[in-house]
1. Which shape class, rounded, prolate or oblate, goes with the chain when its Cα gyration tensor gives a ≥ b ≥ c as root eigenvalues, a/c under 1.5 marks rounded, and past that a/b bigger than b/c marks prolate?
2. Taking the Cα centre of the chain as the origin and placing charges on Cβ (Lys, Arg +1; Asp, Glu -1), which of 66, 17, 76 is farthest toward the positive end of the dipole?
3. Which percent of the accessible heavy-atom area of region 29-110 goes to carbon and sulfur, probe 1.4 angstrom?
4. So what are the ³J(HN,Hα) numbers for region 43-52, from phi and the Karplus equation (6.51, -1.76, 1.60; θ = phi - 60°), rounded to whole Hz, Gly and Pro as x?
5. Grab the DSSP H runs of the chain that are 4 residues or longer, score each as -39,500 (n - 2.57), total them, divide by all residues and round the 222 nm result to the nearest 500 deg cm²/dmol.
6. Using Cα pairs closer than 8 Å and at least 6 residues apart in sequence, work out the relative contact order for the chain, in percent.
7. To test your reading of the geometry: what angle, between 0 and 90 degrees and rounded to tens, separates the Cα axis of helix 2-27 from the longest principal axis of the chain?
8. Given a Förster distance of 22 angstrom, what is the FRET efficiency for residue 19 paired with residue 57, based on the Cβ-Cβ distance and rounded to 0.05?
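The values are calculated or read from the model by the stated rules, or taken from the named source; none is laboratory data. In this text the structure is predicted, and so the values were computed from the model without any measurement. So basically every Cβ, Gly included, is an ideal-geometry build from the backbone, and we count neighbours across all protein chains shown. Ligands, DNA and RNA are excluded from the accessible area calculation, which covers all protein heavy atoms including side chains. Shrake-Rupley method; radii C 1.70, N 1.55, O 1.52, S 1.80 Å.
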Amino acid sequence: MKFVIVFFAMSIYMYAISLGQTLFEGNCVTCHQIDTEKSAPTIQKVVQVYKMRFSKKEDFVKNMAIWLIKPDTLTTLMPKKIQKYRLMPELGYDKDTLQIIAEYLYETYI
Ligand code: HEC
């Protein structure tokens, strides 16, 4: 029984991670490439800056999602990138979707 529960929990976790990847690749990669900076900071850089500020996963996910709902020059962690590229546009996703993406990013990039 225990095994079944652990297996079930793991499947849900894996599902959330792969959903996060699909959402990221469909909606963010056009601007945020993995390691070449073009029209926006690389996703590696974004995750690095967020992890320096929010080392706990819970804080990272919550704060990134809140910022993405309404990008804001006052609460940005990357003011120089706003100067260079202008503020990231609002994408209109709900908080749950953005949290799934943020969780994927936390787990995937160092
Ligand atoms: C149209 C281009 C574009 C798309 C699409 C885009 N971004 Fe951005 N994003 C930017 C630019 C430009 C910046 C740097 C300026 C800034 O921080 O506002 C940025 C900054 C960020 C930041 C740093 C926030 C801060 O503190 O300033 C995060 C986190 C982020 N993007 C996540 C995402 C995620 C996740 C997605 C997909 C759901 C996404 N972006 C889609 C252009 C984009």
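1. In terms of gyration-tensor shape, prolate.
2. In the chain, that residue is 76.
3. 54
4. Going residue by residue, I get 5, 4, 5, 4, 5, 4, 5, 5, 5, 5 Hz, with x marking Gly and Pro.
5. -21000 deg cm²/dmol
6. About 33 percent, as a whole number.
7. Compared with the principal axis, the helix lies near 20 degrees.
8. Rounded to the nearest 0.05, the efficiency is 0.85.
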